[in-house]
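Data first, discussion second: the structure below is written as C-alpha cells.
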Amino acid sequence: MDDVAVGPLDLAARVDDALAVQALAFGLSDEEVAVRRHIVLRHLGCPGARALGATTPEGRLVGFVYGMPNDRTHWWSTVVEPYLRNECLDHWLDDSFTITELHVHPGYQHRGLGRSLITRITDEAAEPRSILSAIDTESPARRLYRSLGYHDLARRVLFPSAPTPYAVMGAPLPLKRF
C-alpha cells in the first residue's frame, strides 16, 4: 500500500482532514462538508464509535472509516427501517455494526486501502454483522462491499436531501477475505 499505514484515528482531532478526503472522493460542496462536520462530531459521542485512518509516512490522511454499533433511534436507522421492514429484514438493525463513512482519496484508490480499513474496523466489532448504505448504482465501492460479503438488503432507499437513491447492504462478520 505504498507505505500507507492503517491504524487508529482520532477523528475528532482530524475531522477537517477526513472531510477533505470525503469531499474529494464523494464530490461534496463546502456547504455539505460543513453540515457533515457537525454530524461526524456528534456521532463520535455515541457509545462504541471508533475510527481508523490511512496515513502516509508524512502524516497525510488519505483514507478513513468510522462506525458504531447500530442504534434504532439514530436518524439513519429511522430512515432505512421502513425499507428493511418491507423486505422483512429490519432485524438487521439489531446487533449490527454500522459503517457510517468509508472514503479513500482518489489518488490512493484501487490499492486495497478501503478493504483494509473496513475489514480492520469490523474485525474489532462485537456485533455478529455489519450494515452500511451506498449509492444505489454499480460502482467500485459496491463491488468492494460485495467482495467482502455484503449483499443488498434494500434498494432505492431515499434519504432526505440526497439527490440519488441508496442501497442498504449487510454482511455477517467477520467479513470475507480473498
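Against the main long axis of the alpha-carbon atoms of the chain, helix 15-26 sits at an angle near 70°.
With all pairs of separate Cα atoms included, the range 1-60 yields a Kirkwood hydrodynamic radius of 12.4 Å. In the range 65-174, a dipole from Cβ-located charges (positive for Lys and Arg, negative for Asp and Glu) runs towards its positive end, and of 97, 84, 65 it is 65 whose Cα lies farthest in that direction.
What does the helix-only formula give at 222 nm for the chain: each DSSP H stretch with n ≥ 4 adding -39500 (n - 2.57), the total divided by the residues, and the result rounded to the nearest 500 deg cm²/dmol? Intermediate results must be reported in sequence, preceding the final value.
On the way: 5 runs with 57 residues, N = 178.
Helix contribution divided over all residues of the chain: -10000 deg cm²/dmol.
Assigning unit charges at the beta carbon (Lys, Arg +1; Asp, Glu -1) and nothing else, what dipole magnitude in debye, to the nearest 20, does the range 76-152 show about its Cα centre?
On the way: 8 positive and 12 negative charges, 101 e Å.
Roughly 480 debye for the range 76-152.
This model, with +1 at the C-beta of Lys and Arg and -1 at the C-beta of Asp and Glu, gives the chain a dipole about its Cα centre of some 380 debye.
Beta-bridge orientation, the range 60-178: approximately 85 percent antiparallel, per DSSP, counting only bridges with both partners inside. In this structure the chain gives 50 Å² per residue of accessible area when probed at 1.4 Å with all protein chains present. Compared with the dominant principal axis of the Cα atoms in the chain, helix 30-43 is inclined by about 70°. The share of accessible area on the chain that comes from carbon and sulfur is 54 percent, using a 1.4 angstrom probe.
Net length available on complete extension from residue 138 to residue 10 is 42.9 nm, with 0.36 nm assigned per residue and the Cα-Cα distance removed. Across the chain, the fraction of Cα-Cα pairs farther apart than 22 Å, rounded to a whole number, is 42%.
The values are calculated or read from the model by the stated rules, or taken from the named source; none is laboratory data. Not measured: the values here are computed from a predicted model. Cβ: placed from backbone, ideal geometry, glycine included. Neighbour counts: every protein chain shown. These area figures cover heavy atoms from the full protein model, side chains too; ligands, DNA and RNA do not enter into them. Shrake-Rupley method; radii C 1.70, N 1.55, O 1.52, S 1.80 Å.
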